[in-house]
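Structure first, commentary second.
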Amino acid sequence: MKWTDYMTDRIFSLACFAAGAGLTGGLLWLIAVPAVFILMAEGILLTAFAVSFLWDFHRRNRYYSRLLRLLDQLDEKTLLMEIAEPPVFLDARILCDILRQNQKFLNDRIAGARRENRDYRDFLDTWVHEIKTPITSARLIIENEKNPVTLKIDDELRKIDGLTELVLYYARSSDVEKDFRVEQTSLRRLVSEALKAYSKPVIQAEGQVRMEGLDVPVCADVKSCVFIIGQIISNAVKYRQTPFRLDFSSGVTENSVSLVIRDNGIGIDAADLPRIFDKGFTGENGRRFPRSTGIGLYLCKKLCGGMNIRLSVSSEKGRGTAVTLTFPAESLIRAGSRASTLTFL
């Protein structure tokens, strides 16, 4: 609370005091009271008013300053009035009672929304796992009845399977860290599993895949990293040029391990690059390819953030895109460990 603000707020009280003191002095002068007594009376009135004025400012400033500091320190702002000290002046007590009732209402609504969100995520988790069963069964049937029609159906089933996986990760995106199981692995394993999942679209696109120097140990959540690399491969296939090439290489420094994924596709417009990780953003390429959702890279960025992996993209229009996954130093430190589950600091 600023002194000038407080003075402005009390301008009416100051005006009333000035008017009262002036009238009192004038009346005393009219009845011929000696000037020294008039000055003494005015001084007593001024002192009493100033003391009460300063004391009121001090207690209000002290209380509201503590309240603001407490608010800055709290992560859950709606719990402020539950832990704040009770005020000693009446108007603040009334305000605090109102705020407590309001915060109770908000906390109840937040708790209800969280329950609904949790139930929604649980339902989506169950739905995704349940729907994968008939998808897998259908693909097994197609394996036994291969013909041009069933192969086309298999392509569509593969797309459905990829979209259901996207739904599952999106449903978990608010607390992705809870599903992480960080373990010792290698870049080659991560890339191989992602290529295995997307082998058919790469083959159909007549893609040439080159892997170089991937026998590098890292510590990561394998499932999430395979999903991330798979999304990058999927984008490379979607925005490809002929002939289609896909290169995987590594870079090792004292503090990090990098996986670089390069393609020779249509590239990304320079104006779109800063926004490619925004949820729902598709950019110029998204307008050319209506199937784009703008969710894949958003989820990749979020998953990488949870695993402390730096994700960066560089691209040149018409000449391809390079995506770099940079694993933190903890990966190198823990690479020799035989522990099955690790946690990043």
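The values are calculated or read from the model by the stated rules, or taken from the named source; none is laboratory data. Here the structure is a predicted model, which means the values were calculated and not measured. Don't worry about glycine lacking a Cβ; one is built from the backbone with ideal geometry, like all the others, and counts go over all protein chains shown. Accessible surface is based on the protein model in full, side chains and every heavy atom, while ligands, DNA and RNA are left aside. Shrake-Rupley method; radii C 1.70, N 1.55, O 1.52, S 1.80 Å.
Across the options Val209, Gln103, Gly305, the greatest Cα extent toward the positive end of the charge dipole of the chain (unit charges at beta carbon of Lys, Arg, Asp, Glu) belongs to Val209. For region 294-302, putting each phi into the Karplus relation 6.51 cos²θ - 1.76 cosθ + 1.60 with θ = phi - 60° gives couplings of x, 9, x, 5, 4, 5, 4, 5, 5 Hz, in residue order, rounded to whole numbers and with x for Gly and Pro. Rounded to the nearest 500, the helix-only mean residue ellipticity at 222 nm of the chain stands at -20000 deg cm²/dmol, with each DSSP H run of n ≥ 4 adding -39,500 (n - 2.57). Taking amide H as placed 1.01 Å from N in the peptide plane, Asp221 has its amide H under 5 Å from the amide H of Glu183, each at least 5 places away in sequence or on another chain. In a reduced charge model with +1 at each Lys and Arg Cβ and -1 at each Asp and Glu Cβ, the chain shows a dipole moment near 480 debye about its Cα centre.
Here is the list for region 22-114: GluC sites (Glu not before Pro) lying in DSSP coil, each with at most 16 other C-beta atoms within 10 angstrom of its C-beta, are Glu76. For the residues Asp5, Asp161, a 1.4 Å probe over the protein chains yields an accessible-area ranking, largest first, of Asp5, Asp161. Note on Rg and Dmax of the Cα atoms in Å: of the candidates (1) 18.9, 58; (2) 31.0, 118; (3) 34.0, 121, the value calculated from this structure sits at (3).
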